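> First the structure, then my questions, so here it is.
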Amino acid sequence: MNVLVQQSNLEALLQRHVKMAAEIKNLDTDLQMLVYENYNKFISATDTIKRMKTNIVGMEANMEQLLSKITSVQSRSDTVNTSLFDKRENIEKLHRTRNLLRKVQFIYDLPTRLNKCIKAEAYADAVRFFTGAKPIFEAYGDTSFHDCKKASEEAIDLVMQHLQAKLYSDSEPIESRAEAVVLLKQLNFPVDNLKSNLLEKLEDCLVNFQNEPTKASIGDISKTFRAYLIIFPDSEKRLIELAQALFSNRYETVRENLRKRIPSTDLLAMLRSLWEDATAIDEVIPEAALPAFSLETTRYIIRQHIATAFLHLQSEISDVLVRTPSTTKLEESQLQTSMETSKVKVLQGCIDLLQEFHHLIDGNTELLVKLRDLIIDWVQEGFQDFFQRLDGHFHMLSGRSKTPSQAMEFVQIDKVSTALVLMLAQLCVFIEQTTIPKVTEELASSFSGGGARSYEYGPPFVPGEICRLYRSSGEKFLHHYINMKTQKISKLLNKRFTTPVWIKHKEPREVNMFVDLLLLEFNGVVSEVKQILPGLIRRHRHSDSTGSTTSSRSNPMREDMLNRSNTHRARSQFLENHLAKLFEQKMEIFTKVEYTQESVISAVLKLCLKSLQEFVRLQTFNRSGFQQIQLDMEFLKTSLREFVDDEAAISFLLKEVNNAAHERCLDPIPLEPPILDKLISAKLAKIKEQSPNMQ
């Protein structure tokens, strides 16, 4: 306060005075409010104090009276104790004697009691009686109670024999056997050997349960484990090993069943049973970690099951394709039937797998819920790998290698069926256009989700990649088929043109036999292509087999006009054609091959005729040899119209063959048209005569 007076001016002191006065007034107000609020309590306390003063007035007299009564009771109690002291000591002594006599009587009656317990199979009471008397036998067994001790020990030996027999009896319940071990322990019987023997019996029991599960239940096994833990607490490690071995063997049995095709429903039933059994055992031995082991093993088994299903489907598709008939054993519509069977096997096989795999994610058990996302990813990955492996298998069946470094342009025809190669090409188109979209649709509707695999690996199923793969493979197979057919026909042409000596060839009298063989090979190509590829083969518009509607050679007026032509005119015509070739517009012969009958047949014919042209360029002809080539090509010009629509390209290639022979001929004088027509007409008539006989 002094500091405040010294350091503050008058105005500050006045402000401080006003503030302090306000604080004092507030405190007075608070004090008044406190008194008003607790007024009733103060009044009640005052009344209570007045009543206490009134009640204490007579208390001292009452306390003195109570003290005198207590003193009187105590003096009388001392008097009674003094008078009864001797009698009480005598009674306690008699009571101790009576108890001792009872114990002695119990010892003498113990052998009889033990025998009664043995007859009644009350082995627990027998052990209790003997262990109770054991301290007395240890103290006085060699003197006063020698006979009783000996008889009791003989009886208890019999009890131990009965307990051991009960322990080893399979008919006894596990609770009784556990009780027998506990009683033997109380009798200080060495149970270590018993533990080893019982664990061996338990191991045999588990083996029998694995081989014949119908004779026992997992509930019995669980009770057995629980009882053994109670009986032998130190055997927990061994019990864990037995439990793990049991489930390892049972899961191994499931793996062996996967080697043969089993339905998903049967597999799920086995896995669900094993999961429930593992859960039941886990309640008894959680340290064995059986649920975690079962979950990991189930993941492997389901993944193996999915992979095995795809392998079986690939094998079934391969079996259908391998049974494709060869060209030499071909019957009507047989290839078409094989083609349709292959398509059905691929599409329906994939749909059946999807329906079967749907059972794996359709359940609501704890096991399937944990693995659902993984199963979805495995199914999608399985289809991706399946289509890639199937494509590789197609290349193997066709005799081609997928790796460019080992690619084969041609294969030996006697080892790989050309029909099979063409079927593979068409099957690739079917897989790309029908199977992949259907599988993609089903996966999106029934197997959406997943995502358990890492994003760095990308989506498990990429339909665009598979479609590109089969589009490329289909084109390779189609070109491979064309090459195989061309190679076979080229061998025939090569043999035809290298065997004879063309420079010494005799005058042509008929169309050469190799033309019939060539047309026969073309008919084989048409038969295969017609049954496998889509599209209609345009038939030639002849009204008969002699070519009367399109050829004017059989017209008499035409023959008269042609007879007036001479050799000089024929030679000049070849020269004119050769000159016109230099100025005519270039014709596109080799176009892109489509998956149609017309496109494939045209490609084979064009390549064969091109090969024929090259074979002709390698020979040297005399006049008769050149005329033979002219006759053969003119006949082919009429016959090949039966096979293709692109008559202009075929005519152009046949003309090229004639021109090549003309260039390689020493004396290029062609046959006169009347003779040419006569020989061709004779060949057509011969074919017409042979047709009814062949039918």
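> For the range 485-528, what does the accessible surface come to per residue with a 1.4 Å probe? Please give it in Å². Don't skip to the answer; put the middle values down first.
Numbers: 2440 Å² over 44 residues.
With the other protein chains kept in place, the range 485-528 gives 55 Å² per residue.
> Next question. Going through the cross-link list Lys506/Lys530; Lys343/Lys637; Lys103/Lys150, which pairs have a Cα-Cα distance over 28 Å in this structure? Could you put the intermediate results ahead of the total?
Numbers: Lys506/Lys530 39 Å; Lys343/Lys637 38 Å; Lys103/Lys150 17 Å.
With Cα atoms farther than 28 Å apart: Lys506/Lys530; Lys343/Lys637.
> Okay, next question. Leaving ligands and nucleic acids out of the surface, order Phe430, Phe635 by accessible area at 1.4 Å, largest first.
Numbers: Phe430 35, Phe635 0 Å².
Solvent-accessible surface, decreasing: Phe430, Phe635.
> Largest first, what is the accessible-area ranking of His479, His312, His17 with a 1.4 Å probe?
Numbers: His479 95, His312 55, His17 120 Å².
The ordering from most to least exposed comes out as His17, His479, His312.
> Lys223: which lysines have alpha carbons under 23 Å from its alpha carbon, excluding same-chain residues fewer than 8 sequence positions away?
Cα-Cα hits under 23 Å: Lys166, Lys185, Lys195, Lys201, Lys215, Lys237.
> Separate question: Which order do peptides 374-384, 128-138, 25-35 fall in by mean Cβ count within 10 Å, highest first?
Details: 374-384: 21.5, 128-138: 15.9, 25-35: 10.0.
So the peptides 374-384, 128-138, 25-35, ranked by packing, come out 374-384, 128-138, 25-35.
> Moving to a separate point now. Sorted by accessible area (1.4 Å probe), largest first, how do Tyr251, Tyr108 line up? All intermediate terms of the calculation are to be shown ahead of the outcome.
Values: Tyr251 0, Tyr108 115 Å².
In descending accessible area the options line up as Tyr108, Tyr251.
> Below 22 Å, Cα to Cα, which lysines can Lys41 reach? Residues fewer than 8 away in the same chain don't count.
Result set, ordered by chain and number: Lys50, Lys53.
> Quick check on packing: order 282-295, 493-506, 36-49 by the mean number of other C-beta atoms within 10 Å, highest mean leading.
Values: 282-295: 16.8, 493-506: 14.1, 36-49: 9.6.
For the peptides 282-295, 493-506, 36-49, the packing ranking is 282-295, 493-506, 36-49.
> Measure off, as a whole percent, the carbon and sulfur share of the 1.4 Å-probe accessible area of the range 1-189, all protein chains present. List each step's numbers first, then the result.
Values: 8490 of 14850 Å².
Ligands and nucleic acids excluded, carbon and sulfur give 57 percent.
> Moving on. Greater than 18 Å separation of Cα atoms is the criterion. Which listed pairs, Lys495/Lys655; Lys488/Lys606; Lys488/Lys655; Lys491/Lys688; Lys476/Lys592; Lys488/Lys610, meet it? Write out the running numbers ahead of the final one.
Values: Lys495/Lys655 22 Å; Lys488/Lys606 14 Å; Lys488/Lys655 23 Å; Lys491/Lys688 28 Å; Lys476/Lys592 13 Å; Lys488/Lys610 14 Å.
Too far apart for the 18 Å limit: Lys495/Lys655; Lys488/Lys655; Lys491/Lys688.
The values are calculated or read from the model by the stated rules, or taken from the named source; none is laboratory data. Treat the numbers as computed from the prediction; the structure is a model and nothing was measured. Cβ coordinates were reconstructed from backbone atoms using ideal geometry, including for glycine residues, and neighbour counts include every protein chain displayed. Just so you know, the surface numbers come from the protein's heavy atoms only, side chains and all, with ligands and any DNA or RNA stripped out. Shrake-Rupley method; radii C 1.70, N 1.55, O 1.52, S 1.80 Å.
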